[in-house]
Amino acid sequence: MNDMLRPLLGKFVVVYIDDILIYSKNAEEHASHVRQVLELVHANNYHIKISKCEFEQKEVKFLGHIIGADGVKVDPAKVLVINEWLRPTNVHGVRSFVGLATYFRKFIEAFSKMVAPLTHLTKKEVPFVWDDACEAAFLAVKHALTNAPVLALPDFLLPFVVVCDASKEGIGAVLLQQQRPLAYESRKLRPAEINYTTGEQELLAVVHALKIWRFYLEGSHFTVVTDHNPLVHLPSQPNLSGRQVRWSEYLQRFHFDWVYKPGVINLAADALSRNPAHKLCSPDAAAMLMMLTRSKSRPSNSKLEATSSEPTQSRPSKARRVANLSPEGSLIPEGPGFSLGGEEPLPIEELEPTLSHTRFPDGTLDIYDEVRIGYENDPWFKGERHTAKYSLMDGLWWTKEGQLIVPDNKGLRRSIISEMHDTPLYGHGGISKTKRHVQKLFWWPTMLPDIIQYVKCCPLCQVNKSSTQKPGGTLQPLPVPEETWQVVTMDFIMSLPRTLRGNTALLVVVDKLSKMTHLIPTTVQVTGEETARLYVDHVVKLHGVPQAIVSDRNTRFTGQFSTTLLGILGIKQKLSTAYHPQTDGQTERMNHTLEDMLRHFVSPHQQDWDEHLAMAEFAINNSYQESIKTTPFRLNYFKDPPTPLSLNRGSTVPAASAFVDQRRQDLKDAKVALEAYEPSPFMAFLMDL
């Protein structure tokens, strides 16, 4: 088979025994590729069984992997086998389990470290004792494979980057291309290698990585990133050990440049060589690099700290939660051909290639045409059995609630969910928020399961969102206001990375009733007087003067703040300032939401977080709030704001009386909902997925 298809191997064909995989960029190219393969098969008198063939597939199963446009991932059937694997009771069982897991090691960060307790059991001189370390490793491997990332497919027209590191535990490496990981590699140091010098261990990591990925790297120019500076000068060092000389000779077959990055910056390989078994991750190709370069999970007890009964000044700084959006520095070497990444949100096309089929040349979604085409291919829309329940206008089917019915086109449905979840306008909301956004405009029978699946598998959400599990304790809700912007809550997020605009802090203002939020960048040196000026410039001009302000006992909210605010407004009436350092959960929760949202879009150097505040504020205010049963926008402005996917069906301006009645009813419903609101554990879990 290989001899027969040799002219096409490596171009658009992969062969394994009698399995043939043909890959193409588009349908026209694919038809040509398939034709060339079939012509060779026919010319060599081979026969193909049609029942065993799959044509024009978006993704296919091949050698235990799922290969698609967005990369390579583990076959769920294989994962199911591993998940159902019973705890081994002897060495043979351990070898079988480790053997199967090792087949997918390229998907798992720090795999060798993770399975070390299990591989130790397989040694001849070691008695079989299944201890806590073995149990932890066994469960960790299962979890890692269940949440394995999608690895990018290599593009041999683009440069490769190999990031290497060594530690006393082992060696590790990451193969990257345009900031996307293609594979991970790690292994423990052998007994003799433990005695190597630091320089030799670091060089061993490079040699091992180049041997593993030789078929990618030979014949191309690439970059090797190391945190051991002497390696950069290896070609010019006069005194090398015999081992280093042999390895240097091996390296001469490759054409690459050395780039030095300190260990605190070279985090990817450093994690692979040192990372403990419990650090698991499950993003896709693009998001994995973000996690390595710019995302830190919040400690699981951060909510306990935020609601602690300790004085405010003794609590850990909330700034740390955003200041640690990512480690400083970049994984990728700077210079021509390389990008630090993250300057802008990831393009939708990169995460979901099917969107390219639903866009105009200017980038907007051509929903109508795509839907009409889908109707023709969807049997559900043929016939007249549903004409009484739905209406047909201009070739488009609508529900009685004004939702456009989307045909059975997985790419289109996924594109809609992606647009209303991934983009800055929507800020990677949870399942509940995404469902609300989508169902405002669209409907299809499996909409909720599709949204749940998409959000639960969203790589950026898995990486950037932290746990929201509530601590024990009694809730202390504040009274519900009668009107919007009567009572506001305020809080600071301090000591953030300095942006190019000079901002190092963030003032968060939230309306107690409508939950509308304003995000105001500032500096850590801001005084009470300056805080008052910020409040007037950004809030008072839009919503007027509140009756009360709820905050913690930050010095910026005491004394001069109220005096200055009233002075600016030219009034003598005293402003009520209620201090609730522990019970102001509303702003604490909003800070949490904001931090999670910003993690998706900030750059590795974190110098642009203030540039994303406008879209973050829009996404927050346009999200359905379970506590008020509507969105902050609608409760304040009586309508939903237009978005790129908003679909107009003509003017629907209500009469004045109906408008006023609806406004009163909305406020009444919001008050009732707030007073009665008690989120269930399931809803809290669902909303934060």
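The values are calculated or read from the model by the stated rules, or taken from the named source; none is laboratory data. This structure is a prediction, so every number in the text was calculated from the model and none was measured. Note that we place each Cβ from the backbone using ideal geometry, even for glycine, and neighbour counts take in every protein chain shown.
Determine, yes or no, whether residue 79 is aliphatic (A, V, I, L, M), part of a helix (DSSP H, G or I) and at pLDDT below 85.
The answer is yes for residue 79.
Any idea how many residues of region 496-528 are under 25 Å from residue 484 (Cα atoms) and among the charged types (D, E, K, R)?
3
Taking the residues in region 211-230 that are at pLDDT below 90 and among the hydrophobic types (A, V, I, L, M, F, W, C) as candidates, determine which candidate is surrounded by the most Cβ atoms within 10 Å (Cβ to Cβ).
213
Under 8 Å between Cβ atoms, at least 6 apart or on separate chains: pull out the pairs that start in region 186-204 with a residue that is within 12 Å of residue 230 (Cα to Cα) and end on any residue that is at pLDDT 90 or above and assigned to a loop (DSSP other than H, G, I, E, B).
From region 186-204, no pairs qualify.
When region 383-393 is examined, which residues are found to be modelled with pLDDT under 75 and either in contact with a helix residue (DSSP H, G or I) (Cβ under 9 Å, 6 or more places away or on another chain) or of a type in the set (Ser, Thr, Tyr) (or both)?
Passing the criteria: 386, 387.
What's the total number of residues in region 6-17 that are within 17 Å of residue 55 (Cβ to Cβ) and assigned to a loop (DSSP other than H, G, I, E, B)?
Qualifying residue count for the region: 1.
Residue-wise test of (1) in a strand (DSSP E or B); (2) over 30 Å from residue 479 (Cβ atoms); (3) under 27 Å from the mean Cα position of the chain (by Cα); (4) among the hydrophobic types (A, V, I, L, M, F, W, C).
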| residue | (1), (2), (3), (4) |
| --- | --- |
| 498 | no, yes, yes, no |
| 501 | no, yes, yes, no |
| 506 | yes, no, yes, yes |
| 514 | no, no, no, no |
| 519 | yes, no, yes, yes |
| 531 | no, no, no, no |
| 541 | no, no, no, no |
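Restricting to region 398-437, name every residue that is small (Gly, Ala, Ser), in a loop (DSSP other than H, G, I, E, B) and under 15 Å from the mean Cα position of the chain (by Cα).
427, 429, 430
I need the full set of residues from region 83-97 which are under 35 Å from the mean Cα position of the chain (by Cα) and either more than 14 Å from residue 134 (Cα to Cα) or at pLDDT 85 or above (or both), in order please.
The answer is 83, 84, 85, 87, 88, 94, 95, 96.
Pairs please, first residue from region 392-412 and closer than 18 Å to residue 378 by Cα, second anywhere and among the β-branched types (Val, Ile, Thr) and part of a loop (DSSP other than H, G, I, E, B), Cβ atoms under 8 Å, 6+ apart in sequence or on different chains.
405/399; 412/406
With the condition being more than 31 Å from the chain's Cα centre (by Cα) and farther than 30 Å from residue 115 by Cβ, I'd like the strands (runs of 3 or more DSSP E) fully within region 159-268 carrying at least 1 qualifying residues.
So the answer is 255-260.
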